[in-house]
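The values are calculated or read from the model by the stated rules, or taken from the named source; none is laboratory data. From a predicted model like this one, the values you see are computed outputs, not experimental measurements. Every residue, glycine among them, receives a Cβ derived from its backbone with ideal geometry; neighbour counts consider all protein chains shown.
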Ligand SMILES: [Zn+2]
């Protein structure tokens with residue numbers, strides 16, 4: 001059978017999507033092509049010279065170790081009994097919606113229970129996590145921190161924000177954003193993250209938070225905008241882009257997900273950074289791009305632990 005070139009696939013909406021993936025076989029072929037690029041590799045021994053295709057690709061068998069495997073093995077779909085078609089729909093829907101989608105809505109859209117939909121969403125988020133976290137950000141980087149979560153109940157509020165979780169973010173102008181929850185907002189916690197993610201050649205822009213004070217010694221330049229003095233833009237110095245990202249993320253978290261537990265916050269920040277970072281590509285390119293991330297796997301136990 002002629003291999004499917006994933007780059008050939010074009011569709012503009014959900015109707016085209018349905019025509020492209022009318023059944024399980026179409027999904028399997030697509031997944032095999034995306035994962036192995038036309039050359040299935042045995043997950044047991046790594047051999048790829050000769051692998052038998054059995055029953056229209058429902059099963060593969062390695063000619064060397066003689067073990068069998070499916071196209072799902074080692075992917076986020078491995079121990080799921082759901083048809084790939086439902087997974088594909090969920091991936092398309094989740095990656096295409098700018099504000100995300102709730103498990104209740106997804107359950108209706110792809111006809112699964114809400115619990116299953118919740119699990120699917122978390123697996124998909126898991127798969128899109130942190131894959132670009134290697135190359136340092138460069139150019140002009142806006143850094144900022146925000147608090148996400150419920151209201152403080154009679155604790156006096158203030159900077160500790162007992163029921164909120166701090167999230168730290170770094171946004172390269174015209175480039176990508178990286179964000180993650182942090183235990184608290186303090187120089188000794190944020191600086192290692194900054195060093196790990198930002199090139200020393202970069203120009204950093206931030207507010208006047210004292211934890212950032214020594215950054216000018218480690219990076220090309222550090223420009224500070226003084227929010228306490230109601231200063232928001234000074235020439236090209238501002239943190240407006242990262243703040244716009246925060247408001248997009250919070251609208252999504254509260255509007256679509258109706259707040260969530262601290263435990264899962266990092267998955268939502270991953271989802272929103274992924275969507276932001278792929279904002280210049282089309283829904284279908286985003287769908288294709290997803291499949292380079294689908295090799296990891298997250299069990300229900302890991303998820304609920
Ligand atoms: Zn083998």
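Residues of the range 229-243 include none that is closer than 30 Å to residue 74 by Cβ, out of contact with any helix residue (DSSP H, G or I) (no Cβ under 6 Å at 6 or more places or on another chain), modelled with pLDDT under 90 and assigned to a loop (DSSP other than H, G, I, E, B).
Yes/no matrix, rows are residues, columns are (1) farther than 22 Å from residue 116 by Cα; (2) away from the ligand (no atom under 16 Å from the Cβ); (3) at pLDDT below 90:
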position	(1), (2), (3)
7	yes, yes, yes
10	yes, yes, yes
26	yes, yes, no
38	yes, yes, yes
41	yes, no, yes
49	yes, no, no
52	yes, no, no
64	yes, no, no
78	no, yes, yes
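Within the bounds of the range 246-262, is there any residue that is under 17 Å from residue 142 (Cβ atoms), at pLDDT 90 or above and surrounded by 19 or more Cβ atoms within 10 Å (Cβ to Cβ)? Within the range 246-262, one or more residues are under 17 Å from residue 142 (Cβ atoms), at pLDDT 90 or above and surrounded by 19 or more Cβ atoms within 10 Å (Cβ to Cβ).
Taking the range 189-208 as the region of interest, how many residues are within 29 Å of the chain's Cα centre (by Cα) and surrounded by fewer than 17 Cβ atoms within 10 Å (Cβ to Cβ)?
The number of residues fulfilling the criteria is 9.
Residues in the range 172-188 that are in a loop (DSSP other than H, G, I, E, B) and within 20 Å of the chain's Cα centre (by Cα): 173, 174, 175, 176. Count of the range 123-137 residues, restricted to those that are modelled with pLDDT of 75 or more and either under 8 Å from the mean Cα position of the chain (by Cα) or closer than 17 Å to residue 79 by Cα (or both), is 5.
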